[in-house]
1. Have a look at P82, P90 and point out the one that is under 30 Å from L201 (Cβ atoms) and in a loop (DSSP other than H, G, I, E, B).
2. Could you go through the range 95-116 and let me know if any residue there is out of contact with any strand residue (DSSP E or B) (no Cβ under 8 Å at 6 or more places or on another chain) and of a type in the set (V, I, T).
3. Restricted to the range 51-68, and to residues that are of a type in the set (A, V, I, L, M, F, W, C) and without any contact (Cβ under 8 Å) to a residue 40 or more places away in the chain, which residue is surrounded by the most Cβ atoms within 10 Å (Cβ to Cβ)?
4. Go through (1) more than 19 Å from D191 (Cα to Cα); (2) away from the ligand (no atom under 16 Å from the Cβ) and name the single condition S133 misses.
5. If a residue must be assigned to a helix (DSSP H, G or I) and farther than 19 Å from Y354 by Cβ, how many such residues does the range 286-340 contain?
6. Evaluate the following for I237: is it open to solvent by 10 Å² or more (accessible area, probe 1.4 Å) and in contact (Cβ under 8 Å) with a residue 12 or more places away in the chain?
Amino acid sequence: MDFNLTQEQRMIYEYGDRISKQFDHNYWRGYAEKGEPPAELYKQITNDGFLGIMVPEAYGGAGQGMTEMLLFMEGLANNGIPLLNLVVGPTMTMGLLAKHASEDMKRRFLPGGCTGEIKFCFAITEPNAGSNSIEITSIAKPDGNGGFRLNGQKVFITDANCADYAMVVTRTTPRADVRKKTDGFTIFMVDMKKEGISKTLIPVAFPVPETQWQVFFDDVALTEADVLGEVGKGFNILFDTLNPERIILSGLCTGIGRFALKKAVAYANDRKVFNNTPIGAYQGVQHPLAMARSEVEMASLMAVKAAWAFDQGLPAGEFANMAKYAAAEAGIHAVDSAIQCFGGNGFTKEYGMYDLYGLVRLLRTAPLNREMVLNHIAEHVMGLPRSY
Ligand SMILES: Cc1cc2nc3c(=O)[nH]c(=O)nc-3n(C[C@H](O)[C@H](O)[C@H](O)COP(=O)(O)OP(=O)(O)OC[C@H]3O[C@@H](n4cnc5c(N)ncnc54)[C@H](O)[C@@H]3O)c2cc1C
């Protein structure tokens with residue numbers, strides 16, 4: 001067993017340390033407060049070739065895997081520059097295309113994705129189904145001429161406004177007409193400029209550059225060339241995008257946790273309020289920070305294990321769920337104990353701690369809420385009965 005990173009992996013992990021000298025947390029926060037994409041940062045990341053980490057070199061990518069994508073995200077978040085867009089585009093969409101798309105589809109999307117000319121969003125969540133994706137009711141019905149007509153509604157679709165294409169998970173056969181509940185799902189690459197697509201903003205209550213949208217599909221014409229994988233068999237490949245989502249978001253949480261703790265330690269070593277002693281000398285301040293740091297590092301290890309399993313083609317669900325659970329909790333504890341350490345300053349814009357809380361707290365609820373993650377572990381890893 002070797003816990004050392006290769007030279008290339010270290011370079012990817014440390015990229016965040018380098019780029020944050022130019023685009024630091026305050027830069028990110030400026031865009032987060034405006035709800036706008038940090039364009040110069042994306043341009044730099046794109047020029048430096050990181051959008052295509054999970055894309056084979058033949059299609060313009062770096063030919064690396066989930067592990068490197070995770071390290072990239074974690075390295076950025078370590079420096080307070082977490083980017084949700086890297087989750088939906090380069091990881092969920094481009095990663096799945098690279099693994100399962102036809103040659104034609106790869107050529108159509110991946111080179112443009114790597115250069116940032118084509119941007120993606122990922123759409124599975126629906127208002128009435130929520131966490132229970134089996135019950136989604138959006139449907140692409142065959143039109144009788146080899147094509148499909150898509151109707152339905154998606155919610156909380158990150159960056160749907162800037163995406164050229166949405167990777168849409170929908171039914172092609174209604175739930176009532178399939179023998180197995182996971183049958184009848186199809187994944188489409190939907191051109192967001194098509195007639196019949198409209199969207200409305202869902203304003204969220206925490207600062208984040210990426211915006212969330214409700215997307216409506218009203219009789220949108222699709223062709224067989226828009227299908228990723230096989231018609232009706234979308235569920236079979238779905239977890240090759242949902243597990244990476246959980247893994248990379250683990251890196252976002254552990255990275256933010258480290259960033260918050262680093263800031264808290266600097267503050268705690270400096271701030272003196274009793275007897276000329278730094279507050280960091282009190283165990284009441286130290287222990288929550290030390291516990292959070294331990295949780296962050298444990299979660300980070302599990303995320304690497306999940307990424308490793310995914311890259312090896314091994315079942316990664318168990319580790320991905322555990323990593324996401326542990327990382328969200330660790331990130332929340334880290335930011336919360338950092339805020340406490342900063343006292344009143346934890347709530348000021350100047351110190352920038354509280355503005356991280358919303359993002360790590362989100363990860364307890366999304367992309368799969370803590371309870372469903374624990375349900376999965378209880379049932380599928382531990383063999384306990386299903387309760388819902
Ligand atoms: C900022 C943001 C960005 C997002 N981006 C995307 C995106 O890009 N694409 C996309 O498709 N979706 C996206 N989502 C959607 C997200 O994945 C869902 O919000 C999430 O899966 C939870 O679904 P829900 O909101 O319908 O909650 P519900 O399913 O209504 O669940 C509500 C709560 O009930 C509890 N619960 C539900 N079922 C159970 C159970 N069986 N056992 C125990 N407890 C249970 C949980 O505590 C859960 O938090 C995003 C959401 C947000 C907030």
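The values are calculated or read from the model by the stated rules, or taken from the named source; none is laboratory data. It should be emphasised that the depicted structure is a prediction, and the values quoted were computed from it without experimental measurement. Cβ coordinates were reconstructed from backbone atoms using ideal geometry, including for glycine residues, and neighbour counts include every protein chain displayed. Just the protein is used for accessible areas: all its heavy atoms, side chains included, with ligands, DNA and RNA removed. Shrake-Rupley method; radii C 1.70, N 1.55, O 1.52, S 1.80 Å.
1. On the way: P90 fails: in a loop (DSSP other than H, G, I, E, B).
So the residue among P82, P90 that is under 30 Å from L201 (Cβ atoms) and in a loop (DSSP other than H, G, I, E, B) is P82.
2. Yes - at least one qualifying residue is present in the range 95-116.
3. Step by step, filter the range 51-68, then rank; the result is A62.
4. The number of the failed condition is (2).
5. Filtering the range 286-340 for residues assigned to a helix (DSSP H, G or I) gives 286-311, 317-340.
If we keep only those that are farther than 19 Å from Y354 by Cβ too, we end up with 286-287, 290-291, 293-295, 297-311, 317-327.
Number of matching residues: 33.
6. Criteria met by I237.
Yes/no per residue for (1) open to solvent by 60 Å² or more (accessible area, probe 1.4 Å); (2) in a strand (DSSP E or B); (3) away from the ligand (no atom under 16 Å from the Cβ); (4) not acidic (D, E):
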| position | (1), (2), (3), (4) |
| --- | --- |
| P111 | no, no, yes, yes |
| G116 | no, no, yes, yes |
| F122 | no, yes, no, yes |
| E126 | no, no, no, no |
| T137 | yes, no, no, yes |
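To keep it simple, each residue is scored yes or no on (1) hydroxyl-bearing (S, T, Y); (2) surrounded by fewer than 13 Cβ atoms within 10 Å (Cβ to Cβ).
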position	(1), (2)
R179	no, yes
V190	no, no
K193	no, yes
S198	yes, yes
L201	no, yes
P207	no, no
